[in-house]
Amino acid sequence: MIESDWIEDMLVLALQGRLDSVNAAEVEASIKEQIKEGASRIALDVAEIVYVSSAGLRVVLVVAKRLKEI
């Protein structure tokens, strides 16, 4: 579901499929783990996302807030 690639000092995470209540917690935990490991610049590639629920949008907002704190 998540493919990652580094472009210089930015981590690019390519998400695929749906970002909804079924997988939002897993995606959030995965991204938070990347932040713990030192990623401070993250780009989300959502070109392959077909649906985002409010739970998915929450993940994006939580991650953005966490990155602002760094």
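The values are calculated or read from the model by the stated rules, or taken from the named source; none is laboratory data. Predicted model only: the values in this text are computed from it and were never measured. So basically every Cβ, Gly included, is an ideal-geometry build from the backbone, and we count neighbours across all protein chains shown.
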Which condition from (1) of a type in the set (V, I, T); (2) more than 12 Å from the chain's Cα centre (by Cα); (3) modelled with pLDDT of 95 or more is the one that I70 breaks?
(3)
How many residues are of a type in the set (G, A, S) and in contact with a Leu (Cβ under 9 Å, 6 or more places away or on another chain) if we restrict to the range 48-70?
3
Against the condition hydroxyl-bearing (S, T, Y), modelled with pLDDT of 95 or more and under 24 Å from E69 (Cβ atoms), how does S53 come out, does it pass?
no
